[in-house]
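One structure is given below, encoded as structure tokens.
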Amino acid sequence: MFLPQDTTRLIDLLPMSPSSLSDIVKVVWTGKSKPDRSRLRSRFTVRKHKVYNALKWLVDNHEDYRNNVTIDEERIGGWKSTFVAVELLDSIGHISDSSAEDAARDGFAMDNPDDDDTPDDLPFTSSGIVDVNDITEIPDVTTLNRLAQLKGDITANVVTGSKILNQYDCDTYFTSAFPTLFPYGTGKHRDPRREGKQLPLLKWVSLTLRHSSRFIPRTFSH
């Protein structure tokens, strides 16, 4: 079985099929009670005109989307005006005890984000979930694992190209992935319009956080 995956470029045809959302987005419910899917349907409701208008605005105004992304008019035209992303709703996982998740949040990065060859201890806080029940397992991977238990040879061919996209040298990596934070695609960490030396990634992240509306400066009293 061959599963080619091109991880060397950004998606240039949007929107994606709602049925593929469960392969990309994972929703995990934490708590002793199990999620009531019937009460959560409103949280997974998709309004077609909202999606289309958002994509149209990005294509017209966002410098990463302009001339690079095509709206799949045929696909979105086949959607109902309002529908529930049932594949994503049905894929909700459940973790009754979140203590393992909380314990896995803090750690230390051992690499300088601006130089892979320079070791440096950088404290950071990350968010993650310990998946003890394979909740986030991609369906295709689960299928492959099951097929691997059968007789016969199975080959998985992952086509990655000569250079995989990464945040260091891809100017549009952050601005295109987070259009709500960068609505016009400007303010990249690498921008030819910026006079002088380009900003190191770590410095750019620090400045971005400091100018975020969520940043609250702390004051200390002696």
**Request:** Run through every distinct alpha carbon pair of segment 12-70 and return the Kirkwood hydrodynamic radius in angstroms, one decimal place.
**Result:** 14.1 Å
**Asked** Once amide H atoms are built 1.01 Å from N in the peptide plane, which residues 5 or more positions from VAL46, or in another chain, come under 5 Å H to H?
**Response** PHE83, VAL84, ALA85
**Item:** Per-residue ³J(HN,Hα) for segment 12-29, Karplus 6.51 cos²θ - 1.76 cosθ + 1.60, θ = phi - 60°, Hz, x for Gly and Pro
**Value:** 10, 10, 10, x, 7, 5, x, 5, 8, 4, 5, 7, 10, 9, 10, 10, 10, 8
**Fill in**
Pseudo-spin-label distance ARG190 to HIS49, built 7 Å along Cα→Cβ, given in nm, is 4.2 nm
**Request:** Go through ASP23, ASP97 and list them by solvent-accessible area, largest first, probe radius 1.4 Å.
**Result:** ASP97, ASP23
**Complete:** For VAL28, other-chain or 5+-apart residues with amide H closer than 5 Å (H placed, Pro excluded) are GLY93
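Which sequence of LYS197, LYS26, LYS203 reflects their accessible areas, 1.4 Å probe, from the largest down?
Reading off the accessible areas and sorting them downward yields LYS197, LYS203, LYS26.
The values are calculated or read from the model by the stated rules, or taken from the named source; none is laboratory data. As the structure is a prediction and not an experimental result, all values here were calculated from the model. We place every Cβ from the backbone using ideal geometry, glycine too, and count neighbours over all the protein chains shown. Calculation scope for accessible area: heavy atoms of the full protein, side chains included, ligands and nucleic acids excluded. Shrake-Rupley method; radii C 1.70, N 1.55, O 1.52, S 1.80 Å.
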